[in-house]
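See below for the structure under consideration.
Please treat every number below as a calculation from the coordinates, not as lab data. It should be emphasised that the depicted structure is a prediction, and the values quoted were computed from it without experimental measurement. Please note: Cβ atoms are built from the backbone with ideal geometry, for glycine as well, and neighbour counts cover all protein chains shown.
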């Protein structure tokens with residue numbers, strides 16, 4: 001397991017490296033409004049980017065520990 005954490009102005013950047021060397025690093029960029037996950041794509045010569053708001057991220061983290069099913073919160 002290899003990763004770095006940097007704090008730049010109002011964001012935190014976590015970079016997770018693939019220890020096998022087969023995949024590009026994954027960067028998670030967090031700020032007060034939400035987070036971005038990005039990974040370099042050599043074929044496109046650019047980053048591929050996914051944006052989450054804070055609620056979506058909280059729900060994703062919660063979902064990782066639950067069994068298969070559909071969940072609705074009130």
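With the helix formula -39500 (n - 2.57) applied to DSSP H stretches of n ≥ 4, the chain reaches a computed 222 nm mean residue ellipticity of -4000 deg cm²/dmol.
Is the shape of segment 2-63 best called rounded, prolate or oblate, per the rule: a/c under 1.5 gives rounded, else a/b larger than b/c gives prolate, else oblate, with a ≥ b ≥ c the square roots of the Cα gyration tensor eigenvalues?
Prolate is the answer for segment 2-63, as a/c is 1.5 or above and a/b outweighs b/c.
In this rough spin-label picture, where each label sits 7 Å from Cα along the Cβ direction, the residue 41-residue 20 distance is 2.1 nm.
For an R0 of 22 angstrom, estimate the FRET efficiency from the Cβ-Cβ distance between residue 48 and residue 9 and round to the nearest 0.05. Efficiency for this residue pair is about 0.40. Sorting 5-12, 66-73, 21-28 by average packing, meaning the other beta carbons within 10 Å per residue, from highest down gives 21-28, 5-12, 66-73.
Calculated FRET efficiency, residue 31 to residue 2, Cβ-Cβ distance, R0 = 22 Å: about 0.40 to the nearest 0.05.
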